[in-house]
Amino acid sequence: MAVLIKTIGDGSTIEFDKGSFDEWCVFLTRKGQTRYAPTDILYFKELKQLGKKYGHKKIYHDFVKIYQYTHSKINPKLLDGITNIARNYGEDQVIMDIWFTVIYAGMVAEENKQHAVLKKRVKRLGMYQLLIENKSPEYAASFSKGKKWRDLDQLMKNYGF
């Protein structure tokens, strides 16, 4: 059964629902479109493009503000905070609200996954590689796959997170 996380100003909705692995799959329904589970590569590509306009560091720092307050439960105040952060992106505020909310929901999902050791830190690593190290969306989205958690943990500690 779908659980509504947020309705965006344009009518788009973001929900948790049962996916192929667990109950924590994040789904996006854009107005007039079919519901789907956005992939890291998809929103990484869009954020990379938006970073050319607004600055990659700005997007990363705004992401870190959200990351710092992310826990295992959805926080309505943080959802409002995401909308406020998105307002700083002018004509792109709706898409930023969508992607920041999708990423936030993804981090909440990671915090709830039973056997996940690194939890939300995996999203931070991907965002860091994408926006600070200027890696491709494909690289950032797939870097941690198949790697030992201890190696990733050490890398993240080296980065300071």
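Remark: TYR43, TYR139, TYR104, TYR67 ranked as TYR139, TYR67, TYR43, TYR104, counting other beta-carbon atoms within 10 Å and listing the fewest first.
Please compare each pair in LYS77/LYS147; LYS58/LYS120; LYS18/LYS58; LYS73/LYS148 to a cut-off of 31 Å on the Cα-Cα distance and tell me which ones are over it.
Check vs 31 Å cut-off fails for LYS77/LYS147; LYS18/LYS58.
Helices in the chain, meaning DSSP H runs of at least 4 residues, each add -39500 (n - 2.57). Divided by all residues, the mean residue ellipticity at 222 nm is -17000 deg cm²/dmol. Computed about the Cα centre, the dipole magnitude for the range 67-161 is approximately 540 debye when only Lys and Arg (+1) and Asp and Glu (-1) carry charge, each at its Cβ.
Working note: Cα atoms of the range 81-161, range along each principal axis, descending, whole Å: 41, 29, 22. Taking other residues whose beta carbon is less than 11 angstrom from the beta carbon of VAL117, and scoring Lys, Arg as +1 and Asp, Glu as -1, yields +3. Shape summary: the range 1-149 maps onto an equivalent ellipsoid whose semi-axes, from the alpha-carbon gyration tensor, are 20, 20, 14 Å in decreasing order.
Each value in this text was obtained by applying a stated rule to the coordinates, not by laboratory testing. Please read all numbers here as calculations on a predicted model, not as lab measurements. Note that each Cβ is placed from the backbone with ideal geometry, even for glycine, and that neighbours are counted across all protein chains shown.
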